[in-house]
Amino acid sequence: MTRLSVKGLTKRFGGLVATDNVSFDVPEKGVTAVIGPNGAGKTTLFNLISGFLPPTDGRIFFDGTDVTGTPPERMAAIGLVRTFQLVQLFPQLTVLENVMIGRHVRTRAGLMSALLSLPAARREESETQSKARALIAHVGLGAQTERLAGVLPYGQQRLLEIARALAAEPRLLLLDEPAAGLNHGETERLGLLIREIADGGTTVLLIEHDMRLVMNTADRIVVLNFGAKIAEGTPAEIERHADVIEAYLGGVAA
Amino acid sequence: MTSLPATIFRELRDPLNLVRHLPTLLAVGLVLYAIVAGGYVVALAGFALIYAVFVTGLNIFMGLGGQASFGHNAFAAISGYTSAVLTTSYGWETLPAMGVGVLGAVTLAVIIGYPTLRLKGHYLAMATLAIGLIVYEIAVQWQSVTQGYTGISGIPPLGIGKWEAASDRAQLIVLSLIVILAMLSAWRIRNSRFGRALVAFSGSEDAARALGIDVARYKLAAFVVSAVYAAIAGSLLVHIVGFVSPEVFGMSMVIAGFTMLYVGGIGAVVGPLVGAVMINLLPETFRGLKEYQDIIYGVALIMILIYAPGGFASMSTLWRGAPSEDDTIARDPGLAVNALEAKP
């Protein structure tokens with residue numbers, strides 16, 4: 001089964017072609033990674049898939065449905081949630097509240113039920129809280145639950161952002177350079193967490209520069225260069241691919 | 001879900017917390033003193049309580065939602081004038097007149113909020129400023145209804161049915177109850193899915209959208225909710241004073257509201273009460289300075305923004321349990337961002 005299918009996706013900013021006729025499939029099971037040198041168009045690709053940018057051309061299918069041009073808040077509601085290259089937390093809220101916000105699309109309580117403190121709203125609120133606590137403990141931030149998100153060390157902020165995204169129970173989780181700024185040990189733990197998420201049934205699509213993380217966690221790899229796809233395959237295949245070596249080593253081999 | 005009384009009890013059990021909550025306790029104490037003592041201080045306490053309601057509305061839009069509005073006096077004016085006209089010219093009772101006034105303000109909030117909330121930052125602030133000025137101008141020019149600068153007098157006091165809050169003391173008690181309701185509702189909003197959505201987009205619109213929060217819709221909802229508080233305050237004001245003229249809802253209302261919001265502590269549930277009481281009652285200690293009120297507001301605002309951006313209520317963060325020593329970083333998103341970027 002295919003979770004996500006990208007067909008002929010193109011994005012132009014004036015004369016610049018950021019994404020050039022890119023097509024690939026993300027299978028339902030496992031971890032797919034998008035790699036490529038800086039400026040290869042990886043983040044633009046994520047912005048297109050998650051609905052933050054409309055494509056100039058091409059289509060995006062999510063579980064078989066055409067979702068091209070769907071705004072991000074709708075995408076989240078139908079099960080596609082992303083994280084950001086520069087961590088985007090709600091710094092003035094606690095770790096717990098950050099993750100509770102992740103439950104937004106899975107909860108319903110409105111303004112009136114909150115004002116009247118209706119039993120249904122109270123029940124939902126305590127359920128949201130207990131689910132959030134479980135997720136926080138799961139990513140290893142249990143001791144930080146009541147701290148403000150803005151004061152956490154960087155590595156923990158990364159984990160918090162992932163926990164918050166998981167709270168929405170996505171079918172497809174997009175991680176934009178989750179290892180950026182992490183040290184070696186943190187990256188290793190992150191790899192285990194990503195594997196665990198994928199094994200739990202959530203499809204993971206990740207952009208990453210850290211090749212060790214990609215080679216250890218990804219089942220499939222898509223390689224971009226200058227906005228276009230130049231290779232696709234298993235980590236073992238990609239490692240040997242001539243065009244990929246060329247793109248990364250910049251013609252030194254030639 | 002933690003209830004407000006439980007939180008208050010927990011907070012006050014620890015004697016150290018009594019110090020942190022001193023501004024709040026002082027504010028409540030001053031209001032109680034006014035109720036007991038009566039006299040001149042009653043009028044001031046009344047104003048403080050009405051403004052506490054007005055600023056609570058601003059706090060929801062600005063403190064939680066992170067937006068800026070310079071035009072909430074428009075909603076107070078709409079509701080205040082509706083109350084005044086319906087009770088004096090048409091013999092309506094206070095409560096239904098207020099209800100119609102609030103509905104009018106809500107309608108205006110939806111009509112102007114829908115297009116303007118798409119604007120960001122300075123543009124939104126300018127648009128709301130214009131709305132406040134337009135409503136003020138209408139109050140001046142539409143003489144057949146508002147009687148222009150002359151104003152409308154003889155507005156009946158607050159009351160339900162036959163009962164009227166005729167005495168100063170009764171009025172203060174009614175106002176206190178309304179303020180308690182305003183604080184309770186703000187507390188419930190803040191600690192709900194709705195309120196968290198507002199704080200979320202004030203922190204990061206992209207992250208909020210990525211998590212499925214319809215930012216445009218929630219911004220409009222926050223705007224309308226805050227307009228309801230402003231409208232209620234506007235009606236209360238005309239019924240307590242018994243008179244209304246355009247100046248009552250002029251630009252000075254916005255400036256006073258902002259000062260109270262920041263002095264009390266933007267974002268904190270009790271902030272509006274603390275700020276309103278401090279700004280209304282404390283300057284009275286220096287009677288001679290009355291003419292320099294706007295200057296005092298201005299100086300107070302600047303001092304607070306520089307030295308205590310969290311306001312006085314930040315000493316008593318009734319929003320949540322005690323934030324830790326690194327609170328300053330969390331309160332200043334800019335600092336937090338710098339802290340992040342400093343990391344490799």
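Nothing in this text is a laboratory measurement; each read-out follows from the coordinates by a stated rule. Here the structure is a predicted model, which means the values were calculated and not measured. Please note: Cβ atoms are built from the backbone with ideal geometry, for glycine as well, and neighbour counts cover all protein chains shown.
Per-structure values
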item	result
Hits among aspartates and glutamates - C-alpha to C-alpha of residue B:120 under 13 Å, sequence gap 8 or more where chains match	B:205
Alpha carbon centroid spacing (whole Å) that separates segment A:35-59 from segment A:176-254	16
For chain A, share of DSSP beta bridges that run antiparallel, in % to the nearest 5	55
Antiparallel %, DSSP beta bridges [both residues in the protein assembly as shown], to 5	60
Efficiency of FRET between residue B:137 and residue B:25 - r from beta-carbon atoms, R0 60 angstrom, step 0.05	0.90
Percent RCO, i.e. relative contact order, over chain A, from Cα pairs under 8 Å lying at least 6 residues apart	28
From phi via Karplus (6.51, -1.76, 1.60), per-residue ³J(HN,Hα) for segment B:186-199 in Hz, x at Gly/Pro	5, 4, 5, 4, 4, 9, 9, 4, 4, x, 5, 4, 5, 5
Note, ³J(HN,Hα) from phi for segment B:90-100, Karplus 6.51, -1.76, 1.60, rounded to Hz, x at Gly and Pro	10, x, 5, 7, 4, 5, x, 4, 4, x, 5
Set A:7/A:42; A:29/A:229; A:7/B:219; A:11/A:229 screened for pairs whose C-alpha atoms are more than 25 Å apart	A:7/B:219
Inter-chain shielding of A:102-113 (mean C-beta neighbours from other protein chains, 10 Å cut-off)	4
Peptide A:180-186 - average C-beta neighbours from other chains (10 Å radius)	1
Peptides B:122-133, A:27-38, A:110-121, A:70-81 ordered by average Cβ neighbours within 10 Å, highest first	A:70-81, A:27-38, B:122-133, A:110-121
